[in-house]
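Any read-out appearing in this document is the output of simple, stated calculations on the displayed coordinates, not a laboratory observation. Bear in mind that the values here come from a model prediction, so they are computed numbers and not experimental data. Cβ sites come from the backbone with ideal geometry, for glycine too, and all protein chains shown count toward neighbours.
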Amino acid sequence: KTGPLVIFTPSGKRGRVDPGTPVLTAARQLGVDLDSVCGGRGICSKCQVTPGVGEFAKHGVTVAPDALSPFNSVEERYDRIRGLKSGRRLGCQAQILKDVVIDVPPESQVHKQVVRKRAEARDIVLDPAIRLQYVEVEEPDMHHPSGDRERLLAALGEATGLAGIKFDHHLLPTLQPVLRQGKWAVTAALHLRPEPTVTALWPGFHEGGIHGLAVDLGSTTIAGHLVDLVTGEVIASSGLMNPQIRFGEDLMSRVSYGMMNPSGADEMTQAVRDGLNRLFDELATEAGIDKATILDSAFVMNPVMHHLFLGLDPYELGQAPFALATGAAQALRAAEIGLDLAPGTRAYVLPLIAGHVGADAAAVALSEQPHKSDDLALVVDVGTNAEIFLGDKSGVMACSSPTGPAFEGAQISSGQRAAPGAIERVEIDPVTKEPRFRVIGSDLWSDEDGFAEAIASTGLTGICGSGIIEAVAEMRMAGIVDASGLIGAADKCGTERSIPDGRTHAYVLWQGDEDSPRILVTNGDIRAIQMAKAALYAGARLLMDKRGVDTVDRVVLAGAFGAHISPKHAMVLGMIPDCPLDKVTSAGNAAGTGARIALLNIGARDEIEAVVHQIEKIETAVEPRFQEHFVNATAMPNAAEPFPHLAS
Ligand code: FES
């Protein structure tokens, strides 16, 4: 070709095109990612570009001011009515006349990179399951009779190049008024999986955006994020207590509630769906969006929550061999599972890994990607159960270990959930054995001036999971507790803070005053932490045995709680295998991140559906070595394993 040379930045793609080729067409020809919802009609403005003028030494071209055609009537009208930023052009209208360098700004790219949050391990490329397409539909003609729906689908097929587009039946009653209201122009939402389907329609060009929900359905709390499917940004986040808690604190008590009450499972299904509907209303109100623009959703949860959410009795999950009704990913309509969203809204439920290892764990794998790791990674999602992955790109194993609720502050004498007023950080002076601590909601330590005022609004109410871990680890380092977990008497451990407590002792972390209770660390508390951490360690160690290794290259702590544990204290307790401290990282709420990835990237759904099949599942309950590891791991840090990095 001899026509003008066009170079697109930032992609660097280049080629010659015929003079007069619109920028959008050139982008398509050269495989440049340039968005278009209206199919080049000068309506959507998604195709905006910035042409360069002057010399582009790097590219070896000089761009004349008239390299692109002047505004045509469509572009002029757009600029007059809606206004184009200075220097911007509509790519579908501006034609290439001479050599030119054209920049595609991020907002005009379809597959833009979503801004990464601090702790996320992978990049998220925006490629949602849903897309908008504006089309103009042929008007009916008595001489060539055909349905409005058929003409709409033909126009959509032509505009998108997609074959076999389906049409949601619920749209049929409104189709004719919508087409006429829009004067034969409509915007359709197409859900692309498993086959392209029209799921929502608006007359004319839809300005209101489209949204999706990423939901982490935990047994204790439900966290939801409302996401803009055009920018990939989270526009509102909220959480609520799982309303099923009234049927049982933990999962097994909910399973037994279902066994003992004929309608028990149904009641729990209804409760969680009601809770989700409240949460969705809250999110839409907070973000100030129309709920009808929420068109897709992705859900992650453990197996019991999964069954209850889908309306399945979790009875079989309460006993060996822990058979799942289904472990496959579910692509459903939100309305089918009682969610009060627009009738065309889809719900994607990530696949489960095994009867004990749920879609929440699959979401952690999707977010942390042990299956793509170059070095050997141990990924632990810490909760009431710990889901543990060990592997690298040559293979990944997973197991679940019953840590119990101690890490969440339950079963601890002064324990509470991580909320304002809870002690979250603890230090104990190894010489004086005096403690200092920090409380959630204030940034002063307890021995700093102004501490009392700093906690006036939160109070001092108890100790949360990360607080108790630090307290026990600090007590161990200060010699107040021995390796077996016994608190010494005052004369033995050298502090009056050790007081008799029944047949054992307790350490007084906070004396209490008229506004706050006394906070003790009892021997029972230490026992509960020993059990929980031993279960976690034994699970990890079992996977290491299976893999034939004694060390791992790095440890990733996931989960809300995992984000708050200090690696040093976790290792002092022997919660995680020995490893250099700087190789222990926190991944934050990786399950929630995984849900968001599945919402924003359609390819990630294929990825996780394939990965769950490749993960080798290890059932801890039937492994004799698990018991042995567990017993050794009740000591702090461990009765059998060396922890060389602790010495340094
Ligand atoms: Fe819609 Fe250019 S493609 S305005």
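Legend: translational diffusion of region 214-349 by Stokes-Einstein, Rh = Kirkwood radius over C-alpha pairs, 10 °C, 1.306 mPa s; D = 104 µm²/s. Diffusion of region 113-203 by Stokes-Einstein, at 4 °C in a medium of 1.567 mPa s and with Rh set to the Kirkwood radius over alpha-carbon pairs, works out to 89 µm²/s. Bridgeable lysines around LYS372 (alpha carbons under 28 Å apart, same-chain partners fewer than 8 residues away excluded): LYS112, LYS117, LYS393, LYS533, LYS546, LYS568, LYS583, LYS617.
The equivalent ellipsoid of region 363-466 has semi-axes of 36, 16, 13 Å, largest first, where each one is the square root of 5 times an eigenvalue of the Cα gyration tensor. Measuring between their Cα centroids, region 1-34 and region 272-347 lie 44 Å from each other. 3J(HN,Hα) along region 515-521: 9, 9, x, 6, 10, 10, 10 Hz, from the Karplus curve 6.51 cos²θ - 1.76 cosθ + 1.60 with θ = phi - 60°, whole Hz, x for Gly and Pro. Remark: relative contact order (region 483-540) = 24 percent; criterion is Cα-Cα distance under 8 angstrom and separation of 6 or more residues. Exposure proxy shown here: for ASP168, ASP266, ASP443, the number of other Cβ atoms within 10 Å sets the order, fewest to most, as ASP443, ASP266, ASP168. Spin-label model, LEU172/ARG14: points 7 Å from Cα along the beta carbon direction are separated by 5.5 nm.
Summarising the amide proton neighbourhood of THR461: residues at separation of 5 or more, or on other chains, whose placed amide H is nearer than 5 Å comprise ALA422, ILE423.
Dipole check for the chain: with +1 at the C-beta of Lys and Arg, -1 at the C-beta of Asp and Glu, and the Cα centre as origin, the magnitude is about 1620 Debye. Stokes-Einstein diffusion for region 406-523, with the hydrodynamic radius set to the Kirkwood value over Cα pairs and evaluated at 25 °C in a medium of 0.890 mPa s, equals 173 µm²/s. Membrane-span-like helices in the chain (whole DSSP H runs, Cα extent of at least 24 Å along the helix axis, mean Kyte-Doolittle hydropathy of at least -1.0): 264-287, 523-547. A straight Cα-to-Cα reach below 23 Å connects LYS98 with the lysines LYS1, LYS13, LYS58, LYS85, residues fewer than 8 places away in its own chain not being considered. Evaluating 6.51 cos²θ - 1.76 cosθ + 1.60 at θ = phi - 60° for every residue in region 195-202, the Karplus couplings come out as 10, x, 9, 6, 10, 7, 9, 10 Hz, glycine and proline recorded as x.
Rg then Dmax, both in Å and based on the Cα atoms of region 338-391: 14.5, 46.
Rounded to the nearest 20, the size of the Cβ-charge dipole of region 235-377 about its Cα centre is 200 debye, with Lys and Arg at +1 and Asp and Glu at -1. Spacing of the modelled spin labels on MET252 and ARG193, each 7 Å from Cα toward Cβ, amounts to 3.5 nm. Considering every Cα-Cα pair within the chain, what fraction, in whole percent, is farther apart than 36 Å? The share of Cα pairs beyond 36 Å in the chain comes to 50 percent. The charge dipole of region 567-648, taken about the Cα centre with unit charges on the Cβ atoms of Lys, Arg (+1) and Asp, Glu (-1), comes to about 300 debye, rounded to the nearest 20. Think of it as helices only: each DSSP H run of n ≥ 4 in the chain is worth -39500 (n - 2.57), and spread over all residues that comes to -8500 deg cm²/dmol at 222 nm. As a rough guide to protection, the peptides 28-41, 75-88, 503-516 ranked by mean Cβ packing within 10 Å, highest first, stand as 28-41, 503-516, 75-88.
The antiparallel fraction among DSSP beta bridges confined to region 166-299 stands at about 75%. Label-to-label distance for ASP281 and THR551 is 5.7 nm, based on points extended 7 Å past Cα in the beta-carbon direction. Computed over region 5-108, the quotient of the alpha carbon radius of gyration and 2.2 N^0.38 Å is 0.97.
Across region 523-558, the residues whose backbone nitrogen lies under 20 Å from the label position 7 Å along the beta-carbon direction of LYS568 are 555-557. With 0.36 nm allotted per residue and the present C-alpha distance subtracted, the GLU641-ASN261 stretch has 132.2 nm of extension available. For region 542-626, the ratio of Cα radius of gyration to the globular rule of thumb 2.2 N^0.38 Å stands at 1.31.
In order along region 41-53, the Karplus-derived 3J(HN,Hα) couplings, from 6.51 cos²θ - 1.76 cosθ + 1.60 at θ = phi - 60°, round to 9, x, 10, 7, 6, 6, 9, 4, 9, 10, x, x, 9 Hz, and Gly and Pro are given as x. Select from GLY395, ALA418, THR432 the residue farthest towards the positive end of the dipole of region 378-505; place +1 on Cβ of Lys and Arg, -1 on Cβ of Asp and Glu, and compute about the Cα centre. Value computed over the given set: GLY395. For region 274-352, the Kirkwood estimate of the hydrodynamic radius, built from every pair of different alpha carbons, is 13.6 Å. Of ALA328, GLY383, GLY275, which is farthest along the charge dipole of the chain in the positive direction, counting Lys and Arg as +1 and Asp and Glu as -1 at C-beta? The listed residue farthest towards the positive side: ALA328.
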